[in-house]
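Structure first, commentary second.
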Amino acid sequence: MKDDLVVVTGGGGFIAGHMVADLRRQGYKRIRAVDIKPLEDWYQPFEDVENLSLDLDLRENCDTAAAGARQVYNLAANMGGMGFIEHNKALCMLSVLINTHMLQAARKFGVERYFYSSSACVYNGDKQRDAANPGLKEEDAYPALAEDGYGWEKLFSERMCRHFREDYGMWTRVARFHNVYGPNGTWDGGREKAPAAICRKIIQAKLAGNLEIVIWGSGNQTRSFMYIDDSVKGIQMIMNSGILEPLNLGSSEMVSINQLVDIVEDIAGVKMKRIYDLDAPKGVMGRNSENTLIRKYLGWEPDTTLRAGLEKTYAWIYDQVLARNAGRRVVE
Ligand code: NAD
């Protein structure tokens, strides 16, 4: 198994970069990482990995990526936090090309296992109007009313995986990630998500001696956040399981955005003046991961506490901000 060629798409990005790092730690010797970005913009490029800069919208590039592979983890997508997905719906939907062409290529080359990274954004918006969300069950994706743009692409691509499994006998597995955060991921530039954005804003305010933070929305909207190590572990457990239907992969530790800010303030040792931008993109009112099925099937669920994960994330972003301020090149 450790000599099998494993392909990780989106390898220059956050989750896939950590997947590659973890496969290396486990002793996988033949890893191919693929991303549209030039190598100097990857968070975690490794010299002993076959790194390819390819646009996976294109079928021929997906063939190059999948040739000879036994396993494919498809983590490439055009994505970002609410600020990005609300303003780039067409771009998000175009990620349908990546999964469609990767599935076709995987089938052509007889790939034995194929993983697709879906999202909690597939869930019906009507089930997320209340901040006191009891947790989204897998069945709550239907009747379908997904997040416009990004969520519909994910829902469609999930079904594409299902039909390649049913019609062509392919081994496809799908996880619905709830917000993933951690070091070595987007922390500035417009695609970053709430945990990284809040860490960065507090770090910059602290360094500037101006303790103000702008929060998108009322701060009462709720979410759960999964630490990256749990995500990487869960992806591999789901990939190698008999679970055929899309499964939630997320933490069930739900917090409001205000509570998220409380924790980061505590880590930073500051108290911020909060300014609420009610016109900013804020997404659904309440979202949490309901983990009955993952506990039942895998006997496990993401369990890193938000506090523990944020301490590591804050420390990493702090170093990035200092390095950038000192004029060193950093990947944002
Ligand atoms: P990311 O943006 O850090 O990584 C995605 C990578 O895909 C990027 O490096 C990007 O350059 C690459 N990519 C985009 N278009 C490409 C193309 N045409 N060809 C090749 N590469 C391309 O995002 P991430 O957080 O690591 O997300 C990984 C996967 O998990 C994505 O499918 C995303 O939708 C999904 N997901 C992530 C979260 C989260 O909270 N991070 C939540 C739900 C779902």
Filtering the stretch 32-48 down to residues that are surrounded by 22 or more Cβ atoms within 10 Å (Cβ to Cβ) and more than 9 Å from the ligand (Cβ to nearest atom), which residue is nearest to the chain's Cα centre (by Cα)? A33
Residue list for the stretch 245-273, filter: touching a helix residue (DSSP H, G or I) at 6+ places or on another chain (Cβ under 7 Å) and more than 14 Å from R307 (Cα to Cα): E245, P246, L247, N248, L249, G250, V270, K271, M272
Does L103 count as touching a Phe, Trp or Tyr at 6+ places or on another chain (Cβ under 9 Å), assigned to a helix (DSSP H, G or I) and in contact (Cβ under 8 Å) with a residue 12 or more places away in the chain? yes
Please indicate, with yes or no, whether at least one residue in the stretch 107-127 is surrounded by fewer than 18 Cβ atoms within 10 Å (Cβ to Cβ) and in contact with a Ser or Thr (Cβ under 9 Å, 6 or more places away or on another chain). no
Identify the single condition in (1) surrounded by fewer than 18 Cβ atoms within 10 Å (Cβ to Cβ); (2) more than 17 Å from the chain's Cα centre (by Cα); (3) part of a loop (DSSP other than H, G, I, E, B) that L207 does not satisfy, given that it satisfies every other one. (3)
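One residue is enough: does the stretch 121-141 have a residue meeting the conditions within 30 Å of R329 (Cβ to Cβ), at pLDDT below 95 and part of a loop (DSSP other than H, G, I, E, B)?
In the first step, residues of the stretch 121-141 are kept if they are within 30 Å of R329 (Cβ to Cβ); the result is none.
No: the stretch 121-141 contains no residue that is within 30 Å of R329 (Cβ to Cβ), at pLDDT below 95 and part of a loop (DSSP other than H, G, I, E, B).
So which of G185, G190 ends up being within 14 Å of the ligand (Cβ to nearest atom), within 18 Å of the chain's Cα centre (by Cα) and at positive phi?
After applying the criteria, what remains is G190.
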Would a scan of the stretch 167-174 turn up a residue that is under 21 Å from S241 (Cα atoms), within 10 Å of the ligand (Cβ to nearest atom) and in contact with a Phe, Trp or Tyr (Cβ under 9 Å, 6 or more places away or on another chain)? no
Close pairs from the stretch 189-216: first farther than 15 Å from N325 by Cβ, partner surrounded by fewer than 15 Cβ atoms within 10 Å (Cβ to Cβ) and of a type in the set (G, A, S), Cβ under 9 Å, at least 6 apart: V214/A280; I215/A280; W216/A280
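Here are some residues: R176, R129. Which one is within 13 Å of the chain's Cα centre (by Cα) and not small (G, A, S)?
Among R176, R129, only R176 is within 13 Å of the chain's Cα centre (by Cα) and not small (G, A, S).
Residue-wise test of (1) charged (D, E, K, R); (2) surrounded by 16 or more Cβ atoms within 10 Å (Cβ to Cβ); (3) touching a residue at least 12 places away in the same chain (Cβ under 8 Å).
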{"residue": "I263", "(1), (2), (3)": "no, yes, yes"}
{"residue": "I267", "(1), (2), (3)": "no, yes, yes"}
{"residue": "M272", "(1), (2), (3)": "no, yes, yes"}
{"residue": "A280", "(1), (2), (3)": "no, no, yes"}
{"residue": "R287", "(1), (2), (3)": "yes, yes, yes"}
{"residue": "L293", "(1), (2), (3)": "no, yes, yes"}
{"residue": "D319", "(1), (2), (3)": "yes, no, no"}
Count, please, the residues in the stretch 79-112 that happen to be closer than 20 Å to G17 by Cβ and modelled with pLDDT of 95 or more. 4
Going through I215, I263, I238 one at a time, which residue ends up being in the same structural domain as E139 (by TED's automatic domain parsing), of a type in the set (V, I, T) and modelled with pLDDT of 95 or more? I238
May I ask you to list the residues in the stretch 49-88 that are in contact (Cβ under 8 Å) with a residue 40 or more places away in the chain, buried (at least 17 other Cβ atoms within 10 Å of the Cβ), within 13 Å of the ligand (Cβ to nearest atom) and part of a loop (DSSP other than H, G, I, E, B)? L56, D57, L75, A76, A77, M79, G80, G81, N88
Scanning the stretch 6-31 for residues that are assigned to a strand (DSSP E or B) and not hydrophobic (A, V, I, L, M, F, W, C), the one surrounded by the fewest Cβ atoms within 10 Å (Cβ to Cβ) turns out to be R30
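The values are calculated or read from the model by the stated rules, or taken from the named source; none is laboratory data. Because the structure is predicted, anything quoted here is derived from the model rather than measured. For neighbour counting, all protein chains shown are included, and Cβ atoms are generated from backbone atoms with ideal geometry for every residue, glycine included.
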